[in-house]
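See below for the structure under consideration.
What follows draws every value from the coordinates through simple rules; no lab data is involved. None of these values were measured; they are calculated from a predicted model. Backbone-built Cβ (ideal geometry, glycine too); neighbour counts: all protein chains shown.
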Amino acid sequence: MTTRVEDIATRFEQANNELIATVEGCSDEQWSAQCGSDERSVGVVADHVANSHVLVAKWIQSIAAGQPMAVSMDMIHEGNAQHAASRAGVTRSEVADLLRSNAQEAGEIIRGLNEDEIDRPIPIAVMGGEEKTAAEMAEMLMVGHVTGHMNDIRSAAGGA
């Protein structure tokens, strides 16, 4: 029988594999294109996703343990801006490798979640204190983060 955490981890990994294929299929021109209304390039956005995997999985792990995420939207925006400035020259192969390795670690973290704890709601500060469960946040921050940015990347890259 497949557990819910296994299902979430598997869907995250499937989305990540699609993103890897998208990254590897980008031309140089597509890689440097601006990603929609985001002022970052396709390459920087893909690298952002790869670099977020483990951090986000650890947030989900904390939520499942009943610990609040100690992060604000200002902190997230600041971190994204610093990342964009420092990773402007990232290559497709670097990002594809990072997507693979970080997804493996993130998947292991998600698979290690306690099935009995993933439905315990706790207030999420970055969502205005709204209560969410680890399962809901995993859907949003693991699966949704990858697929949302992948759709933006594909659009910016002309369907790469």
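Once C-alpha pairs closer than 8 Å and six or more residues apart are averaged by separation and normalised to the residue number of region 4-156, the relative contact order reads 40 percent. Quick check for you: which residues of region 42-56 have the amide N under 15 Å from the point 7 Å beyond the Cα of GLN34 toward its beta carbon? Zone members listed by number: 42-45.
Ranking request for peptides 53-61, 14-22, 112-120: highest mean number of other beta-carbon atoms within 10 Å first, then the rest in descending order.
Numbers: 53-61: 21.1, 14-22: 18.3, 112-120: 14.7.
The densest-packed peptide leads the list: 53-61, 14-22, 112-120.
Using 0.36 nm per residue and subtracting the Cα-Cα separation, the extra length available between MET73 and GLU105 on full extension is 9.1 nm. A Förster distance of 25 Å, applied to the separation of the beta-carbon atoms of ALA81 and GLU24, puts the FRET efficiency at 0.40. Seen against the Cα atoms of the chain and their longest principal axis, helix 4-25 is set at about 10 degrees. Packing, taken as the mean count of other beta carbons within 10 Å per residue, orders the peptides 127-133, 38-44 from highest to lowest as 38-44, 127-133.
Against the main long axis of the alpha-carbon atoms of the chain, helix 92-111 sits at an angle near 10°.
Specify whether the C-alpha gyration tensor of region 59-115 places it in the rounded, prolate or oblate class, a ≥ b ≥ c being the square roots of the eigenvalues: rounded for a/c under 1.5, otherwise prolate if a/b is larger than b/c and oblate if not. Cα axes put region 59-115 in the oblate bin. Put a plus charge on the Cβ of each Lys and Arg, a minus charge on the Cβ of each Asp and Glu, and nothing anywhere else: the dipole of the chain about its Cα centre is then about 140 debye. Under 5 Å from the amide H of LYS132 lie the amide H atoms of ILE122, ILE124, each residue being 5 or more positions distant or on a separate chain, with H modelled from the backbone and absent for Pro and chain starts.
Across region 54-63, rounded Karplus estimates of 3J(HN,Hα) from the backbone phi angles (6.51 cos²θ - 1.76 cosθ + 1.60, θ = phi - 60°) give 6, 4, 5, 4, 5, 4, 4, 4, 5, 4 Hz, Gly and Pro being marked x. ALA64 sits among other residues whose Cβ lies under 10 Å from its own Cβ, and their net charge, with Lys and Arg +1 and Asp and Glu -1, is -3.
Taking every Cα-Cα distance in the chain and sorting them into 10 Å bins starting at zero, the pair-distance distribution P(r) comes out as 11, 40, 33, 15, 1 percent.
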